[in-house]
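Undergrad: This is the structure I have questions about; it appears just below.
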Amino acid sequence: MSVDLIYKHFPKLTEQQREQFAALDGLYKHWNAQINVVSRQDIEALYEKHVLHSLGIAKVIQFKPGSEILDVGTGGGFPGIPLAILFPLVDFHLVDSIGKKIKVVQEVASALGLQNVKAEQARVEHLSTTYDFVVSRAVTRLKPFMGWVRYKIRKVGNNDLPNGVLYLKGGDLAEELAEIPDKYRMFNLSDYFEGEFFETKKVIYVPKK
């Protein structure tokens, strides 16, 4: 699938944003050949399974300018890189414990001219900064993840949703969600995007207590 999939669901992109999204395919194919950050079968479906999936968060919330977002376990830069393209006035801190993955993120962000991305090899529990939102894509079960990030979220924010966690996850989550005592909201990505891939994909929003 081509970048037209992104243009279809986000028709109000600037020319620069359209060019940045279009550049992702070549950049990830180039870097993936050297450092495997996207599975071989998924690289051909990059726009559906990685870029559009990441942008599912943007169907749940439109981050206000000046917001600060932490992407935990970003891997090759998802969901952080697509969100940083979509929200150029929002600051994104992308962290992963694996240095070679962060190198790819840094190279992609640099090639795209993204001034709002900081990519760092780090473990989230060692970060001292706080953020408006923590985003992530199926790094682990929600219960341990909430333990890692609970104290990285600011109490006060200026977005339409109270500060919290926005977690991309798929499959049957009933058992996993039963493990967390927090209140949460679940958004089905099939409500926004068509196709078999999105049938079980969700954004789990957990506000800061």
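The values are calculated or read from the model by the stated rules, or taken from the named source; none is laboratory data. Values in this document were obtained by computation on a predicted structure and should not be read as measured data. Cβ placement follows ideal geometry from the backbone for every residue including glycine, while neighbour counts extend to all protein chains displayed. Keep in mind that these areas ignore ligands, DNA and RNA; they rest on the heavy atoms of the full protein, side chains included. Shrake-Rupley method; radii C 1.70, N 1.55, O 1.52, S 1.80 Å.
Undergrad: Collect the residues in region 141-168 that are open to solvent by less than 10 Å² (accessible area, probe 1.4 Å) and under 30 Å from Glu15 (Cβ atoms), keeping them in residue-number order.
TA: Residues satisfying the conditions are Leu166, Leu168.
Undergrad: Hey, another quick one. Lys103 versus (1) in contact with a Leu (Cβ under 9 Å, 6 or more places away or on another chain); (2) touching a residue at least 40 places away in the same chain (Cβ under 8 Å); (3) not aliphatic (A, V, I, L, M): which is the lone unmet condition?
TA: So the condition that Lys103 fails would be (1).
Undergrad: Going through region 14-42 one residue at a time, which ones are buried (at least 16 other Cβ atoms within 10 Å of the Cβ) and assigned to a loop (DSSP other than H, G, I, E, B)?
TA: Within region 14-42, Val37, Val38 meet the criteria.
Undergrad: Follow-up. Please specify each residue of region 115-138 satisfying the condition of being under 25 Å from Lys201 (Cβ atoms) and of a type outside the set (Phe, Trp, Tyr).
TA: Initial filter on region 115-138 (under 25 Å from Lys201 (Cβ atoms)): 117, 119, 124, 131-138.
Within region 115-138, Val117, Ala119, Val124, Asp132, Val134, Val135, Ser136, Arg137, Ala138 qualify.
Undergrad: Now for a different question. Take the residues of region 78-122 that are in a strand (DSSP E or B) and open to solvent by less than 10 Å² (accessible area, probe 1.4 Å): which is farthest from Trp148 (Cα to Cα)?
TA: Applying the filter and picking the extreme gives Phe92.
Undergrad: For region 187-203, indicate whether the set of residues that are farther than 18 Å from Leu52 by Cβ and under 20 Å from the mean Cα position of the chain (by Cα) is non-empty.
TA: no
Undergrad: How many residues does region 160-209 contain that are in a loop (DSSP other than H, G, I, E, B) and either without any contact (Cβ under 8 Å) to a residue 24 or more places away in the chain or under 19 Å from Ile61 (Cα atoms) (or both)?
TA: Looking only at that region, the number is 13.
Undergrad: Does Gly75 satisfy the criteria of being buried (at least 21 other Cβ atoms within 10 Å of the Cβ) and over 25 Å from Ser128 (Cα atoms)?
TA: No: the conditions fail for Gly75.
Undergrad: Take the residues in region 1-13 that are over 15 Å from Leu83 (Cα atoms) and either in a helix (DSSP H, G or I) or among the aromatic types (Phe, Trp, Tyr) (or both); name whichever of them is most open to solvent (accessible area, probe 1.4 Å).
TA: Ranking the candidates gives Lys8 first.
Undergrad: Now for a separate question. Can you find a residue that is of a type in the set (Lys, Arg) and more than 17 Å from the chain's Cα centre (by Cα) anywhere in region 60-76?
TA: No: region 60-76 contains no residue that is of a type in the set (Lys, Arg) and more than 17 Å from the chain's Cα centre (by Cα).
Undergrad: Evaluate the following for Ala138: is it within 12 Å of the chain's Cα centre (by Cα), open to solvent by 50 Å² or more (accessible area, probe 1.4 Å) and either closer than 28 Å to Gly171 by Cα or basic (Lys, Arg) (or both)?
TA: Numbers: within 12 Å of the chain's Cα centre (by Cα): yes; open to solvent by 50 Å² or more (accessible area, probe 1.4 Å): yes; either closer than 28 Å to Gly171 by Cα or basic (Lys, Arg) (or both): yes.
Here the answer is yes, as Ala138 does meet what is asked.
Undergrad: If I filter region 171-206 down to residues being of a type outside the set (A, V, I, L, M, F, W, C), within 15 Å of Phe145 (Cβ to Cβ) and surrounded by 11 or more Cβ atoms within 10 Å (Cβ to Cβ), which single residue comes out as modelled with the lowest pLDDT?
TA: Ranking the candidates gives Asp182 first.
Undergrad: Same structure, new question: Could you grab the pairs with beta carbons closer than 9 Å, sequence gap of 6+ or different chains, first residue in region 111-123 and acidic (Asp, Glu), second one part of a loop (DSSP other than H, G, I, E, B) and surrounded by fewer than 20 Cβ atoms within 10 Å (Cβ to Cβ)?
TA: Glu120/Leu127
Undergrad: Which condition does Asn36 not pass, out of (1) more than 23 Å from Ser190 (Cβ to Cβ); (2) in contact (Cβ under 8 Å) with a residue 12 or more places away in the chain, if it passes all the others?
TA: Only one criterion in (1) more than 23 Å from Ser190 (Cβ to Cβ); (2) in contact (Cβ under 8 Å) with a residue 12 or more places away in the chain is unmet by Asn36, namely (2).
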